Amino acid sequence: MPKTPLLSKQQIEAIIESSFDGIYITDGQANTLMVNSAYEKMTGIKREEVIGRNMRDLVTEGYIDQSVTLKVIETGERATIRQKLRSGKEILVTGNPIFDDLGNIIMVVTNDRDMTELIKLHEQVEHSMQMAMAYKEKLQTLQESSSFGKDFVVVSQAMYDVCNLVERVSKTDATVLFYGETGVGKDRLVEEVHKMSPRHARGVLVKINCGAIPETLLESELFGYEAGAFTGAKKEGKIGLFELADEGTIFLDEVECLPLSLQPKLLRALQDFKIVRVGGTVPKKVNVRVVCATNMDLKEMVAKNQFRADLYYRLNVVSVVVPPLRERKEDIPMLVTFFINYFNQKYKKKKYVTKETMDCLLAYAWPGNVREVANVIERISVVTDKMQIDPEDLPREIRGDLNSEIDPDIPLKKYVVEKEIALIRSAINKYGSARKAAAVLKMNHSTITRKLQKYRKD
């Protein structure tokens, strides 16, 4: 048989140069001997930067985060790793040892493959899985609660105006800020904004209560995090709610609880439609509509430097004020009837309220708003045995508004003082502090404090 001719150095270099994969060759001491054009194009590292350089120095100087060549020299075996370049790009590298006749490593030939498309595909799969989970959770929520039915109970002109405004803004991508006390139904209105918008067909509604998540975790929940971003982080990283809501809507409830340190990042996300994961450097583009809700006066918080002014104006594009139930009492009979029917069906009952009971319900101030109505009616449905619901079946605080007996022998001044103190205490319980209660009651904070102290002494 004819002897196979040996390839010349020029021919070997031509073969290496024609390879689609990046090829990186070192000697047995990890000194760079050769780099092909595919490696330069793939990594952005020029051959003149590395030829003659040792891999240990290149790792120290940050060209790469780790070297498969050094691993091969250490173990004497083929090895494959994911290598991160100084640009942040990741490539898959496989190092193969070349031995002499005595078994010594004389060269390490590394094949490098661009992982950009693979990583992108992996992220798309992860995103699809997260989207599927979000759809499942959304479906379960609808099946379990049904939000007490598909429609709003709207009788008052005030709520008609709110619903008309919601319907108009739903057709746009404008940022909406809902104002209203706890329990007025802001979250249900947000659901309608998403449901009536074009985004309903493309993405999901993702909800997050900013006041229910610890400040240290809120940023990673909103924007996600990269692998190894902090102790306890998943090794593969985690997608954030902004990415999960891509093409859809994200609802930030209790937005006033956003820490000042996080507000600039949210502002950038709203302005540029780009987010950066915790521990990451590469911005990710997102197409998200932001809807917020609060029961606080954000403008007052801005004046007190408790909320950034630029973020406030960015969120307050369209503001929707949902009035409390005490300001739209014409809605109460329909709400009571609605919830009575709902819980009758749920608990297989046939209960109804008398006119006297409805009068008590109309006279009550409903500090918990619609949510309190639902809770009271459910409590009555569960606790009472008879079908007819009378005033005495109502909670004490509700029937007391209408039926509490007044002692005719009590001095008028003492009666007025007791009612005043009761009102002050009720406001403090509702708003959380004497200062906030004073603002609502149009009183000085010092006056409230003095009256409470005087009453305790008396």
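The values are calculated or read from the model by the stated rules, or taken from the named source; none is laboratory data. Keep in mind it's a predicted model, so treat the numbers as computed, not measured. Backbone-built Cβ (ideal geometry, glycine too); neighbour counts: all protein chains shown.
For segment 157-175, filtering for residues that are more than 15 Å from residue 321 (Cβ to Cβ) and of a type in the set (Gly, Ala, Ser) leaves 2. Between 340, 380, 398, the distinction of being under 28 Å from residue 189 (Cα atoms), touching a strand residue (DSSP E or B) at 6+ places or on another chain (Cβ under 6 Å) and not assigned by TED's automatic domain parsing to the domain that holds residue 162 belongs to 380 only.
Going by what's in this entry, would residue 250 be described as outside any helix (DSSP H, G or I), under 30 Å from residue 164 (Cβ atoms) and either at pLDDT 90 or above or in the same structural domain as residue 282 (by TED's automatic domain parsing) (or both)? Spelling it out, residue 250 is indeed outside any helix (DSSP H, G or I), under 30 Å from residue 164 (Cβ atoms) and either at pLDDT 90 or above or in the same structural domain as residue 282 (by TED's automatic domain parsing) (or both). For first residues located in segment 268-293 and under 30 Å from residue 181 (Cβ atoms), partners that are surrounded by fewer than 19 Cβ atoms within 10 Å (Cβ to Cβ) and among the hydrophobic types (A, V, I, L, M, F, W, C) and lie 6+ apart or on another chain with Cβ distances below 8 Å form the pairs 288/273; 290/270.
All conditions but one from (1) touching a helix residue (DSSP H, G or I) at 6+ places or on another chain (Cβ under 6 Å); (2) modelled with pLDDT under 90 apply to residue 84; the one that does not is (1). For segment 379-394, residues that are within 38 Å of the chain's Cα centre (by Cα) and surrounded by 16 or more Cβ atoms within 10 Å (Cβ to Cβ) total 2. Residue 35 meets all of the listed conditions (1) at pLDDT 90 or above; (2) within 27 Å of residue 236 (Cα to Cα); (3) of a type in the set (A, V, I, L, M) but one, namely (2). The residues of segment 347-385 that are hydroxyl-bearing (Ser, Thr, Tyr) and in contact with a helix residue (DSSP H, G or I) (Cβ under 7 Å, 6 or more places away or on another chain), listed by number, are 347, 352, 357, 364, 381, 384. The condition (being of a type in the set (A, V, I, L, M) and under 22 Å from residue 430 (Cα atoms)) is satisfied by just one residue among 380, 398: 398. Within the set of pairs 6 or more residues apart or between chains, which connect a residue that is hydroxyl-bearing (Ser, Thr, Tyr) inside segment 377-388 to a residue that is surrounded by 10 or more Cβ atoms within 10 Å (Cβ to Cβ) and in a helix (DSSP H, G or I) with Cβ atoms less than 6 Å apart? Sorted first by the residue in segment 377-388, then by its partner, the pairs are 381/343; 381/347; 384/393. With respect to residue 265, is the statement that it is touching a residue at least 12 places away in the same chain (Cβ under 8 Å), over 29 Å from residue 306 (Cβ atoms) and basic (Lys, Arg) true? No: the conditions fail for residue 265. Take segment 399-458 and flag every residue that is modelled with pLDDT of 75 or more, among the polar types (S, T, N, Q) and assigned to a loop (DSSP other than H, G, I, E, B). Scanning segment 399-458 gives a single hit, 444. Going by the structure shown, is residue 374 modelled with pLDDT of 90 or more, of a type in the set (Gly, Ala, Ser), surrounded by 15 or more Cβ atoms within 10 Å (Cβ to Cβ) and not in a helix (DSSP H, G or I)? Here the answer is no, as residue 374 does not meet what is asked. Contact annotation: residue pairs with Cβ atoms under 9 Å, 6 or more positions apart or on different chains, pairing a residue in segment 418-444 that is aromatic (Phe, Trp, Tyr) with a partner that is surrounded by fewer than 12 Cβ atoms within 10 Å (Cβ to Cβ), are 431/440. Identify the residue in segment 82-109 that is closer than 30 Å to residue 284 by Cα and among the β-branched types (Val, Ile, Thr) and, among all such residues, is farthest from the chain's Cα centre (by Cα). Here the answer is 94.
The condition of being modelled with pLDDT under 90 and in the same structural domain as residue 395 (by TED's automatic domain parsing) holds for only one of 352, 364, 347, that being 364. Please go through segment 171-197 and give me each residue that is farther than 10 Å from residue 249 by Cβ, touching a Gly at 6+ places or on another chain (Cβ under 8 Å) and of a type outside the set (D, E, K, R), ordered by number. 182, 183 - these are the residues of segment 171-197 that are farther than 10 Å from residue 249 by Cβ, touching a Gly at 6+ places or on another chain (Cβ under 8 Å) and of a type outside the set (D, E, K, R). Does residue 358 fit the bill of being crowded, with 16+ Cβ neighbours inside 10 Å, outside the structural domain of residue 187 (by TED's automatic domain parsing) and in a helix (DSSP H, G or I)? Yes: the conditions hold for residue 358.
Scanning segment 162-206 for residues that are in contact with a Phe, Trp or Tyr (Cβ under 7 Å, 6 or more places away or on another chain), surrounded by 19 or more Cβ atoms within 10 Å (Cβ to Cβ) and not β-branched (Val, Ile, Thr) yields 186, 189, 205.
Restricting attention to segment 276-320, the residues that are under 30 Å from residue 167 (Cα atoms), in contact with a Gly (Cβ under 7 Å, 6 or more places away or on another chain) and among the basic types (Lys, Arg) add up to 0.
Taking the criterion of being among the hydroxyl-bearing types (Ser, Thr, Tyr), within 20 Å of residue 46 (Cβ to Cβ) and surrounded by fewer than 16 Cβ atoms within 10 Å (Cβ to Cβ), the only residue of segment 62-114 that qualifies is 87. Under 30 Å from residue 363 (Cα atoms), at pLDDT 90 or above, over 20 Å from the mean Cα position of the chain (by Cα) and in a loop (DSSP other than H, G, I, E, B) - does that describe any residue in segment 304-321? So far as segment 304-321 goes, no, none of its residues is under 30 Å from residue 363 (Cα atoms), at pLDDT 90 or above, over 20 Å from the mean Cα position of the chain (by Cα) and in a loop (DSSP other than H, G, I, E, B). Report every pair of residues separated by at least 6 positions or lying on different chains whose Cβ atoms are under 8 Å apart, first residue within segment 358-373 and among the β-branched types (Val, Ile, Thr), second not in a helix (DSSP H, G or I). Final answer for the pair search is 370/183; 370/184; 370/185; 373/366.
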